[in-house]
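Encoded as structure tokens, the structure appears first; notes follow it.
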Amino acid sequence: GVGMGMTAPVSITAFPAEDGSFQQKVKVSLRIPSQFQDSPPCPTDESIKIEERQGMTIYSTQFGGYAKEADYVSHAAKLKAALGSDAAYRKDFYLCNGYDPPMKPYGRRNEVWFVKE
């Protein structure tokens, strides 16, 4: 019953198909604001879960604009190519992050993260 407002980043966990596109299953994660983290509100919708994201080391790339699935897939492919075959990271998923509200037209920030193994 308490409004928390939108937080950043909005993080989408993508589980890529063989061709690199998103599968039908994605997970959207929102950061709980600091003042609610010690005692987060209980979700009233069963499909909403509260999870604690452990610390991680990532490989990342950043890009601008209004990001669509094709943009995340393209930048994930570029990051994969830049890392080559020597970097050890999770291949079964990657994270797509958007940092800006929809009404911000310029200077938008998006990132693709690969989680280091």
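The values are calculated or read from the model by the stated rules, or taken from the named source; none is laboratory data. Because the structure is a prediction, the values reported are computed rather than measured. Glycine also receives a Cβ, built like all others from the backbone with ideal geometry; neighbour counts cover every protein chain displayed. Accessible surface is based on the protein model in full, side chains and every heavy atom, while ligands, DNA and RNA are left aside. Shrake-Rupley method; radii C 1.70, N 1.55, O 1.52, S 1.80 Å.
With a 10 Å cut-off between alpha carbons and a GNM built on the chain, which of Gln24, Gln37, Gln54 moves the most?
Evaluated over the chain, the most mobile residue of the options is Gln54.
What is the total of Lys pairs in region 8-113 with C-alpha atoms under 19 Å apart, excluding same-chain pairs fewer than 8 positions apart?
Within region 8-113, the lysine pair count is 11.
Summing +1 for each Lys or Arg and -1 for each Asp or Glu, what net charge is found among the other residues whose Cβ lies under 13 Å from the Cβ of Ser60?
Working: positive: Lys78, Lys80, Arg109, Lys116; negative: Glu111.
That works out to +3.
Toward the positive end of the charge dipole of the chain, about the Cα centre and with charges on Cβ (Lys, Arg +1; Asp, Glu -1), which of Ser11, Ile50, Ala77 goes farthest?
Result: Ala77, furthest along the dipole toward the positive end.
With runs of 4+ DSSP H residues as the only contributors, calculate the mean residue ellipticity of the chain at 222 nm using -39,500 (n - 2.57) per run, divided by the residue total and rounded to the nearest 500.
Numbers: 2 runs with 19 residues, N = 117.
That calculation yields -4500 deg cm²/dmol at 222 nm.
Considering only Tyr59, Tyr72, Tyr94, give the residue with the highest GNM mean-square fluctuation for the chain, with springs between Cα atoms whenever their separation is below 10 Å.
Looking only at Tyr59, Tyr72, Tyr94, the biggest GNM fluctuation is shown by Tyr59.
For Cα pairs less than 8 Å apart in space and 6+ apart in sequence, what is the mean separation divided by the residue count of the chain, i.e. the relative contact order in percent?
34 percent
Based on DSSP loop calls and a cut-off of at most 15 other Cβ atoms within 10 Å, the longest stretch of the chain free of exposed trypsin sites (Lys or Arg not before Pro) is what?
1-30
Across bins of 10 angstrom width beginning at 0, how are the C-alpha pair distances of region 24-72 distributed, in whole percent?
15, 39, 34, 12
Just to confirm, what accessible area per residue do you get for the chain at 1.4 Å probe, in whole Å²?
Heavy-atom SASA per residue in the chain reads 71 Å².
On average, how much area does the Cα convex hull of region 71-117 cover when viewed from any direction, in nm²? Can you show the working numbers first?
Values: hull surface 15.2 nm².
Seen from a random direction, the Cα hull of region 71-117 projects 3.8 nm² on average.
Treat every Asp and Glu Cβ in the chain as -1 and every Lys and Arg Cβ as +1, leave all other atoms uncharged, and give the resulting dipole magnitude about the Cα centre to the nearest 20 debye.
300 debye
In square angstrom, rounded to the nearest 10, how much accessible surface does Phe22 have for a 1.4 Å probe?
Accessible area of Phe22: about 40 Å².
Roughly how many whole Å is it from the C-alpha centroid of region 24-56 to that of region 91-117?
17 Å
Across 10 Å bins from the origin, how do the percents of Cα pairs in the chain run, short distances first?
12, 40, 33, 13, 1
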